[in-house]
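The values are calculated or read from the model by the stated rules, or taken from the named source; none is laboratory data. Predicted model, so just to flag it, every value in this text is computed and none were measured. Every residue, glycine as well, gets a Cβ built from its backbone with ideal geometry; the counts of neighbours run over all protein chains shown. With ligands, DNA and RNA removed, areas are computed over all heavy atoms of the protein, side chains included. Shrake-Rupley method; radii C 1.70, N 1.55, O 1.52, S 1.80 Å.
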Amino acid sequence: MAAHIQERIKRLIIDQRLPSGAPLPTETELMELLGVSRNSVREALKALQAMGIVEIRHGFGTYVGPMSMAPMIEGLIFRTVAGHYRGEDSLLELLELREAVETGLIARLAGRIPEADLAELDAVVRRMEAEAAEGSVRAETDRAFHAALYGSLDNSLLSEVLEAFWDAFHRVRTDLVDVPTDPRVTCKQHREILESVRSGDALRAEEAIRDHFGNIRIRLRSAHRD
């Protein structure tokens with residue numbers, strides 16, 4: 001019954017084309033509309049809030065939620081941490097998932113990234129190089145590079161999924177494994193990714209992405225052995 005009520009509320013949002021932040025009917029109105037009790041409505045709304053589909057603002061009402069990737073990120077993090085403590089290579093599995101997605105996309109970008117985006121990527125790599133000279137490349141800078149790299153695909157869902165994978169991987173890696181890094185190698189690999197897509201060489205771009213993730217994989221395995 002609870003799942004059925006959740007589905008009906010989701011269908012209401014879809015059918016009425018309600019955007020994030022739009023108010024939903026009151027509890028009383030939902031009770032009448034769905035023909036269920038107040039407790040059933042409240043349980044369904046709480047479950048939908050946990051998914052980011054609705055947002056309950058106490059004293060104000062219920063609204064369509066941000067529908068973000070936050071629940072997905074938390075699920076990935078929990079699964080990866082639980083697997084790690086069971087002795088599984090869950091962090092490497094998450095890395096391989098990121099690699100598969102990015103490798104599949106990079107060929108579409110070769111020779112097709114607008115000049116403005118190339119300039120942004122250049123600026124990020126220069127920032128990496130400046131940070132490397134001081135001893136380490138910040139995680140936020142690495143994140144900015146990958147976000148800018150795929151921005152020209154103009155696919156908001158894809159951007160959110162990539163951000164989810166990135167966020168989950170780096171949060172878990174930071175908590176579980178101390179991975180040694182060479183900032184000079186990091187800069188060189190990101191520069192190579194940029195130059196390969198700028199040149200329009202799809203095979204070179206795929207190889208650059210694989211080299212980048214291969215380097216991370218080697219360091220992760222080394223950290224696990226230590």
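What Kirkwood hydrodynamic radius, in Å, does segment 14-77 give when the mean of 1/r is taken over all pairs of distinct Cα atoms and then inverted?
Details: mean 1/r = 0.0803 Å⁻¹.
Hydrodynamic radius (Kirkwood, Cα only) of segment 14-77 equals 12.5 Å.
Mind listing the phi-derived Karplus ³J(HN,Hα) values for segment 35-41, rounded to whole Hz, using 6.51, -1.76 and 1.60 with θ = phi - 60°, and x for any glycine or proline?
So the J values, rounded to whole Hz, are x, 10, 7, 4, 4, 5, 5.
From zero outward in steps of 5 Å, how is the percent of C-alpha pairs of segment 177-226 spread across the bins?
5, 22, 25, 19, 14, 9, 5, 1, 0
Given the options V101, L34, A22, identify the residue whose Cα lies farthest towards the positive end of the charge dipole of the chain (+1 on Cβ of Lys, Arg; -1 on Cβ of Asp, Glu).
Of V101, L34, A22, it is L34.
On a 0 to 90 degree scale, rounded to 10, what angle separates helix 202-225 from the longest Cα axis of the chain?
Helix 202-225 sits at roughly 80 degrees to that axis.
Does segment 138-226 classify as rounded, prolate or oblate by the C-alpha gyration tensor (a ≥ b ≥ c root eigenvalues; a/c under 1.5 gives rounded; else a/b over b/c gives prolate, otherwise oblate)?
Numbers: a/c = 2.16, a/b = 1.31, b/c = 1.65.
Judged from the Cα gyration tensor, segment 138-226 comes out oblate (a/c at least 1.5, b/c at or above a/b).
Where does helix 139-151 land angle-wise versus the long Cα axis of the chain, in degrees 0 to 90, nearest 10?
The angle comes out near 80 degrees.
Kindly identify segment 4-122 as rounded, prolate or oblate by the Cα gyration tensor criterion: order the square roots of the eigenvalues as a ≥ b ≥ c, call it rounded if a/c is under 1.5, otherwise compare a/b with b/c, prolate if a/b is larger, else oblate.
Verdict is oblate for segment 4-122.
Post the alpha-carbon centroid distance, segment 105-182 to segment 32-83, in whole angstrom.
If you average the Cα positions of each part, the centres end up 30 Å apart.
Rounded to the nearest 10 degrees, what's the angle between the helix 156-176 long axis and the longest principal axis of the chain, both from Cα atoms, 0 to 90?
70
Of T181, T103, which has the most accessible area with a 1.4 Å probe, and how do the rest follow in descending order? List each step's numbers first, then the result.
Details: T181 80, T103 10 Å².
Output order, biggest surface exposure first: T181, T103.
Using only the Cα atoms of segment 150-195, build the gyration tensor, take square roots of its eigenvalues as a ≥ b ≥ c, and label the shape rounded, prolate or oblate: rounded if a/c is under 1.5, else prolate if a/b is larger than b/c, else oblate.
Values: a/c = 5.84, a/b = 1.18, b/c = 4.95.
Note, shape of segment 150-195 comes out oblate.
To the nearest 20 Debye, how big is the dipole of the chain about its Cα centre, given +1 on the beta carbon of each Lys and Arg and -1 on that of each Asp and Glu?
Numbers: 29 positive and 37 negative charges, 89 e Å.
Dipole of the chain, to the nearest 20 debye: 420 debye.
Whose amide H sits under 5 Å from the amide H of V54, counting only residues 5 or more places off or on another chain, with H placed in the peptide plane?
Residues meeting the criterion, in which the H sits 1.01 Å from N, are Q49, G65.
Sorted by accessible area with a 1.4 angstrom probe, largest first, how do M72, M128, M31 fall?
Heavy-atom accessible area, descending, gives M72, M31, M128.
Which whole-number value in Å² is the accessible area per residue of the chain, probe 1.4 Å?
Ligands and nucleic acids excluded, the figure is 55 Å² per residue.
Charges on Cβ only, +1 for Lys and Arg, -1 for Asp and Glu, centred on the Cα centroid of the chain; of A132, N215, A70, which one is farthest towards the dipole's positive end?
A70
When the distances between all Cα atoms of the chain are binned every 10 Å from zero, what whole-number percent does each bin get?
Bins of 10 Å from zero give 7, 26, 25, 19, 15, 6, 0 percent of pairs.
Hey, what do the phi angles of segment 77-94 turn into as Karplus ³J(HN,Hα) couplings, whole Hz, using 6.51/-1.76/1.60 and θ = phi - 60°, x for Gly and Pro?
With coefficients 6.51, -1.76 and 1.60, one gets 5, 4, 4, 5, 5, 4, x, 4, 6, 8, x, 8, 8, 5, 5, 5, 5, 5 Hz.
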